[in-house]
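The values are calculated or read from the model by the stated rules, or taken from the named source; none is laboratory data. Keep in mind that what you see is a predicted model, and the values were worked out from it rather than measured. Positions of Cβ are generated from backbone atoms using ideal geometry, with glycine treated the same way; all protein chains shown enter the neighbour counts.
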Amino acid sequence: MKFLRDIKIKPLDIVIILLLFFSSFSVFAFMPKAESGASAEVRVNGQVVKQFDLNKNETWTYRAKNGNWNIIEVKDGKIRDKADNSPDQIAVHTGWIDQVGQTAVCLPHNLVIQVMSGKENNEVDYNA
């Protein structure tokens with residue numbers, strides 16, 4: 001206690017410091033929870049080639065005319081690029097995705113897997 005008297009900290013100062021410390025963590029209570037997706041789209045060169053319902057387990061192979069291939073797997077509400085013949089395997093190493101907005105990208109094949117929500121989107125589309 002001699003230390004506290006030397007630096008002139010009063011008991012109310014300690015209460016205020018503790019109150020500020022604990023209230024700084026209250027932000028986490030109000031953060032939105034990550035939403036799991038209901039569907040996913042596979043796009044190649046910006047065009048949707050397949051849509052998946054994440055509630056149905058399935059495996060699908062995308063084969064391009066130039067010999068590129070990707071094996072897409074849906075299981076337990078998640079989706080991933082299980083295997084492909086790209087040199088860097090970035091999409092394969094991304095692993096499972098299941099949150100709305102998450103993507104797995106295979107750049108050599110111009111393939112994008114994106115998790116979508118099941119809700120209708122009424123926002124403005126600036127790309128139209």
- For the stretch 22-40, state whether one or more residues are closer than 20 Å to HIS109 by Cα and either modelled with pLDDT of 90 or more or not in a loop (DSSP other than H, G, I, E, B) (or both). yes
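This table checks each residue for (1) more than 20 Å from SER117 (Cβ to Cβ); (2) in contact with a helix residue (DSSP H, G or I) (Cβ under 8 Å, 6 or more places away or on another chain); (3) not in a loop (DSSP other than H, G, I, E, B).
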| site | (1), (2), (3) |
| --- | --- |
| ASP13 | yes, no, yes |
| THR59 | yes, no, yes |
| ARG80 | no, yes, yes |
| PRO87 | yes, yes, no |
| HIS93 | yes, no, yes |
- Task: Give just the number: which of (1) surrounded by 11 or more Cβ atoms within 10 Å (Cβ to Cβ); (2) hydrophobic (A, V, I, L, M, F, W, C); (3) out of contact with any Gly (no Cβ under 8 Å at 6 or more places or on another chain) does LEU19 not satisfy?
- Result: (1)
- Note on the structure: Across the stretch 61-78, the tally of residues that are part of a loop (DSSP other than H, G, I, E, B) and surrounded by 14 or more Cβ atoms within 10 Å (Cβ to Cβ) stands at 3
- For the stretch 57-102, how many residues meet the condition of being under 13 Å from the mean Cα position of the chain (by Cα) and closer than 11 Å to VAL42 by Cβ? 1
- Item | Every pair of residues 6+ apart whose Cβ atoms lie under 8 Å, when the first sits in the stretch 44-57 and is closer than 23 Å to HIS109 by Cα while the second is modelled with pLDDT of 90 or more and of a type in the set (Phe, Trp, Tyr) | VAL44/TYR62; VAL49/TYR62; LYS50/TRP60; LYS50/TYR62; PHE52/TRP60
